[in-house]
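The values are calculated or read from the model by the stated rules, or taken from the named source; none is laboratory data. Quick caveat: nothing in here was measured; it's all calculated off a predicted structure. Ideal geometry is used to build each Cβ from the backbone, glycine not excepted, and the neighbour counts take in all protein chains shown. These accessible areas exclude ligands, DNA and RNA; they are computed on the full protein's heavy atoms, side chains included. Shrake-Rupley method; radii C 1.70, N 1.55, O 1.52, S 1.80 Å.
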Amino acid sequence: QGMIFTAATWGALSSQTATAELDRESWTKQPGKPFSNYGSPSDYEKKVIRWIMANDDAPGNGVSWTPLHELEGIVTPSGLHFERHHNGVPAIDPERHRLLIHGLVKRPLTFSVSDILQYPMQSRLCFIECGGNSNAGWRSEPIQTQVGYFHGMASCSEWTGVPLSVVLQEAGIKGRAKWIIAEGGDASMMNISLPLDKALDDCLLALYQNGERLRAENGYPLRLLVPGWEGVLNVKWLKRLHLAAKPVMARNETAKYTELLPSGKARQFSFVMEPKSVITHPSFGHRLDRHGLYQISGLAWSGRGKIAKVEVSADGGKSWAEAELQEPVLPKCFTRFRIPWRWQGQDVVLKSRAFDEAGAVQPERAELIARRGRHGYFHYNAIVSWAITEAGEISHVYL
Amino acid sequence: QGMIFTAATWGALSSQTATAELDRESWTKQPGKPFSNYGSPSDYEKKVIRWIMANDDAPGNGVSWTPLHELEGIVTPSGLHFERHHNGVPAIDPERHRLLIHGLVKRPLTFSVSDILQYPMQSRLCFIECGGNSNAGWRSEPIQTQVGYFHGMASCSEWTGVPLSVVLQEAGIKGRAKWIIAEGGDASMMNISLPLDKALDDCLLALYQNGERLRAENGYPLRLLVPGWEGVLNVKWLKRLHLAAKPVMARNETAKYTELLPSGKARQFSFVMEPKSVITHPSFGHRLDRHGLYQISGLAWSGRGKIAKVEVSADGGKSWAEAELQEPVLPKCFTRFRIPWRWQGQDVVLKSRAFDEAGAVQPERAELIARRGRHGYFHYNAIVSWAITEAGEISHVYL
Amino acid sequence: MVVADELIGPGLGLQAPPEMLKQWNRDVFPDGTGLPLGRGTVREGETVYRAHCIGCHGSEGRGGSAEELAGAEHSLIDDPPDKTIGTYWPYATTLFDFTRRSMPLSNPGSLTDDQVYAVTAYLLYLNRIIGPDDEMNAQLLPAVVMPNQDGFIDNYRRDD
Amino acid sequence: MVVADELIGPGLGLQAPPEMLKQWNRDVFPDGTGLPLGRGTVREGETVYRAHCIGCHGSEGRGGSAEELAGAEHSLIDDPPDKTIGTYWPYATTLFDFTRRSMPLSNPGSLTDDQVYAVTAYLLYLNRIIGPDDEMNAQLLPAVVMPNQDGFIDNYRRDD
Ligand code: HEC
Ligand code: HEC
Ligand SMILES: [Ca+2]
Ligand SMILES: [Ca+2]
Ligand SMILES: [Ca+2]
Ligand SMILES: [Ca+2]
Ligand SMILES: [Ca+2]
Ligand SMILES: [Ca+2]
Ligand SMILES: [Co+2]
Ligand SMILES: [Co+2]
């Protein structure tokens, strides 16, 4: 028993491979780094990234995923908010950007960004989820990848902006208007149709994300926030709102973001993101290296309102226990659930299922496929199952 | 009336100086930037920074301020969370870091960071405010500076970590223990005494900040979170918890973070951050360039619990109106308040005052000074007054 | 619907001038609303396609680094189904709307309206919807009946 | 107080070895608990001060880039008050605790315990609390009565 303790003496089972110091560690013996005007994550957390899946010939076309398996709580740091771009991130000069409201309005109007910043604002914590999130679930073999690279086209931020109803009132809505075609000011100038009743209900012209102005990749200087509805409607770099009697039938509401059913017909205007939950800890890529007490932790959300309940099963769905929901539980917002669990080294299958306040329940995969077939691509929200072997290895399974 | 519209045609009063394009703007004609593994703010928002006030001869000694005047909502992005360092930001290798719990415990224990990550966690949105925040308010002349550089030693994040009570239970608290001396693992190895009852009530060993692991400048890999109590207790880079019968009487609980009263006696162990509010929009540095409707927006918080009410005055305190509180209103958390206000170009003085659920009220400056004198330095929480001239210029005044 | 007379905002919006409304409004509806003047033939479209599209979408729209635009070999009820413009898209106007605003991806907005009509015609031809000698313009395009026109169920009005 | 018998956590803490407890515990309490062996005189302290402290705290502790450590000219009830170690600090042990853990700022942890005793003695001397021939050690330091020892009101137990 000397002056230096190695792992064998007081290192823990799996992680304490390094020798622990009795003397002051090097970083306590010299001044640390100075202050910074804007911080970034620890150098030791460089592996925590958005994972990029883009088109080699079109590097601005694709997605990058939020690493949900590395995160805790409900806020997604803006640097890790998922991205979906059709043609890259535009570098928009906010002084030159304008929002145009026209079509079935009494007064077609333009607004500069500094104008909109003077309007009354609201904030809400709210998730945005791509309609294509979790689509690997439709595959016939369960994908083996970290939670974030499977379900991480969903992120949650505090958004602040101007209620869309305020600027629409100023323009004066004509009676025949039933839809709003929103258009983005990026190189793809993406357009999509949003029902007017939703626009007037709870949509925001979002200017701030997690306290600061929007990140470029999340729509700077202005984006549409459509709480609880699929990501593609939350038009980034918002440039134009066209009030119309009918939807425009844009490429992204016909060719894409529609779900082909086994009948050959396709669901269109499938806006609401249905309840979903996933256990993030433990999950694929983690490994249980000891027996004993664990905290199962995960995320649940629903586009219909608040999460009412999350149940967790440790026996592949035979029995379920209600998890604790971390306060605050907010509508259309990530909700963190947690439940203690004792692992004695047995084979187990962990599952979670979400219930929302509107009465919707996250389905088993077989149920979802019975309803939708396997070629709908969008709106996959089935229960996720993690199998854990006696060795503590975790894989994704279909049950 | 040609193809190009200048400010005179459809530019707004103050901001639309640039000519607006009829053609597609340059950024809509070429692919934008590719995806990024970790994002950062827009290049057009580079002015939104933590403002650094450090010692030239000791660049790691000082503070940097959250620019509250640039932010909205309640979350502070981690890159802008205020900093207070005594000797810089250590670059701690998480594999080599250990937490030691000792003193009046049955079993002195050490934990690696990866051990602590396996403990049951909780999350909460919660402010941290330095006891020295807003101290310019003690000066005889009102400081003329942006809100963030006056009140921005306060920030608000979602923190996730392990309840301190869980690891203390494991160590086994001896009956005589009444205090915990916490020590940081930076070059200043700052120590401070925390009452054990608070430690068992709601303190966390925080591991995550706004979803991701702590930033280095906020204590990576482990910090103490002491909800509602002054910042210095929220020991960063937490290395040691020493259970004791009495406080250690460290430099930062005697020479500093005590408030000298006019009597010559000083308040010690003044832990709770009393209710405070400040109007962030409009405020010093902004300018009103038009008459009409504005939204007054600001932040309120209290270390005693939830904000119960915020009142705003536009006549220097003669009359008050209740502001709307943005949901969710959470205990010991920033609360955003907002109220509409019509400005017709008259001279006005805006004020806000916070009431908390424990019954505490933010005092007028004269009241605070009557109680504390002008040399306490810490715990300044008086009402802030902004005078607006007919020209729309805003200054900080004492009334 | 908002009916209040008094503004709930500060009223900073400026009247949008007619030229702006005309130039900015790029939306093309199934009934042809929004289509500009101009025309283009399948043959002209083939030239446009070879110059501006083939690099990503491949010869005859069979796909490349970007997705296929034609060439379905079987139907929507096969497993897997074969979704292309010809088998899946409900409206031909969508092709004009999308191409004009977003394509070619490397140089969006660079085609003339005639070129967009032409390449639209060519893609409809490749999908066996119109003939090799046809052309497209503001009258003909909305009149095209797409095979999958009735293939969609409005899920917003009847939530499942 | 936690009294439950069954652990609420996974119980991963490891017994801390005695050497670690000894080496890591740097806390020095007013009653002297935590003070190490060793000693140092005012005169030795002056040498330490000139070598390691004067650059920031100035000659005789009158302040420089870092704050003054001595030299109060008036009292705590003057306006403005004059707060220094001599007029404000309640315990001499704090000086040892802080200096050993945090100073010199440019090279913390570099002094021997003897050097810390010595510079503590020197600072107490500069503040007119001990004489020029005095020394400090684990017995003498906690016995020093600081002028402002009774200057503090416990605000936690009596909240205002
Ligand atoms: C540099 C590569 C590139 C070029 C050149 C290009 N495209 Fe594309 N195209 C893409 C990509 C990538 C997408 C998918 C866009 C998205 O995800 O929004 C696409 C999508 C499309 C679609 C929608 C397909 C669907 O099923 O939804 C059509 C139609 C299309 N392109 C037509 C054209 C035409 C016509 C041209 C030439 C005038 C062209 N493209 C040139 C890359 C390209
Ligand atoms: C490189 C500059 C530097 C050197 C060298 C230095 N100090 Fe300091 N000292 C500081 C700074 C800066 C502070 C304020 C620290 C803080 O804010 O936590 C300080 C604070 C102190 C304090 C607390 C003062 C108070 O009123 O709270 C004492 C006591 C002190 N130093 C003693 C020493 C001694 C003894 C030495 C030499 C052995 C020394 N210092 C060397 C920069 C220095
Ligand atoms: Ca371990
Ligand atoms: Ca303006
Ligand atoms: Ca095919
Ligand atoms: Ca296809
Ligand atoms: Ca002095
Ligand atoms: Ca001083
Ligand atoms: Co959908
Ligand atoms: Co205090």
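Structure notes:
- Table column - 3J(HN,Hα) (Hz), the stretch B:245-261, Karplus curve with 6.51, -1.76, 1.60, x for Gly and Pro: 7, 9, x, 7, 6, 6, 3, 7, 10, 10, 5, 10, 6, 10, 10, 5, 9
- Both radii are taken from the alpha-carbon atoms of chain C; with Rh as the Kirkwood radius, Rg/Rh is 1.07.
- If you wrap the stretch A:240-299 in the convex hull of its Cα atoms and look at it from every side, the mean projected area works out to 8.4 nm².
- Counting only protein heavy atoms and using a 1.4 Å probe, the accessible area of residue A:309 comes to about 60 Å².
- Above-threshold pairs, the threshold being 26 Å between Cα atoms, out of D:22/D:83; B:236/B:256; B:106/B:256; A:47/B:236; B:178/B:256; A:46/B:33: D:22/D:83; B:106/B:256
- Whether the stretch B:98-264 is rounded, prolate or oblate, judged on the alpha carbon gyration tensor where a/c under 1.5 counts as rounded: oblate
- Heavy-atom SASA rank of D:14, A:164, B:399 (probe 1.4 Å, accessible area, largest first): B:399, D:14, A:164
- Label point of residue B:392 (7 Å along Cα→beta-carbon): distances to the other copies' equivalent points are 6.4 nm, sorted ascending.
- Ranked order, D:128, A:139, D:101, A:365 - accessible area, probe 1.4 Å, largest first: D:128, A:139, A:365, D:101
- 5 angstrom amide H check on residue A:248, placed H, neighbours 5+ away: A:193
- Residue A:71 - accessible surface, heavy atoms, 1.4 Å probe, Å² rounded to 10: 10
- Proximity of backbone amide H atoms, modeled 1.01 Å from N, is registered between residue A:207 and A:160, A:161, A:162 at under 5 Å, excluding neighbours fewer than 5 places apart on the same chain.
- Kirkwood hydrodynamic radius computed over the stretch C:1-83 comes to 17.9 Å, based on all pairs of distinct alpha carbons.
- Spatial separation of Cα centroids for the stretch C:109-138 and the stretch B:295-316, in angstrom: 61
- Per residue, the solvent-accessible area of the stretch A:276-397 (1.4 Å probe, heavy atoms of protein chains only, all protein chains present) comes to 36 Å².
- Relative compactness, the stretch D:53-105, computed as alpha-carbon Rg over 2.2 N^0.38 Å: 1.18
- Only protein heavy atoms count here; on that basis, with a 1.4 Å probe, residue C:52 has an accessible area of about 80 Å².
- Under 12 Å between alpha carbons - lysine pairs in the stretch B:276-397 that sit 8 or more apart or on different chains: 6
- Largest GNM mean-square fluctuation across C:130, C:54, C:77, computed for chain C with C-alpha springs under 10 Å, falls on C:77.
- Apolar share of the accessible surface for the stretch B:276-397: 50 percent from carbon plus sulfur atoms, 1.4 Å probe.
- For the stretch B:276-397, size of Cβ-based charge dipole, Lys and Arg +1, Asp and Glu -1, in debye: 420
- Taking the C-alpha atoms of the protein assembly as shown, convex hull volume expressed per residue in Å³: 170
- Excluding ligands, DNA and RNA, the accessible surface per residue across the stretch D:42-160 is 46 Å² with a 1.4 Å probe.
- Over chain B, the alpha carbon radius of gyration divided by the compact-protein estimate 2.2 N^0.38 Å works out to 1.10.
- Closest approach to the axis carrying A onto B, counted by Cβ on chain A and given in whole Å with its residue, is A:328, 2.
- Per residue, the stretch B:98-264 exposes 18 Å² of accessible surface when a 1.4 Å probe is rolled over the protein heavy atoms with every protein chain present.
- Under the Karplus curve 6.51 cos²θ - 1.76 cosθ + 1.60, θ = phi - 60°, whole-Hz ³J(HN,Hα) for the stretch A:172-180, x wherever Gly or Pro sits: x, 7, 7, x, 7, 5, 10, 9, 10
- Total accessible surface hidden between C and A, rounded to 100 Å², 1.4 Å probe: 5200
- Cα shape, the stretch C:71-131, gyration tensor, a/c 1.5 rule: prolate
- Mean projection of the Cα convex hull over all viewing directions, computed for the stretch A:276-397: 7.6 nm².
- Alpha-carbon centroids, the stretch B:150-176 and the stretch B:321-399: separation in whole Å: 30
- Total buried accessible area between A and B, probe 1.4 Å, nearest 100: 8300 Å².
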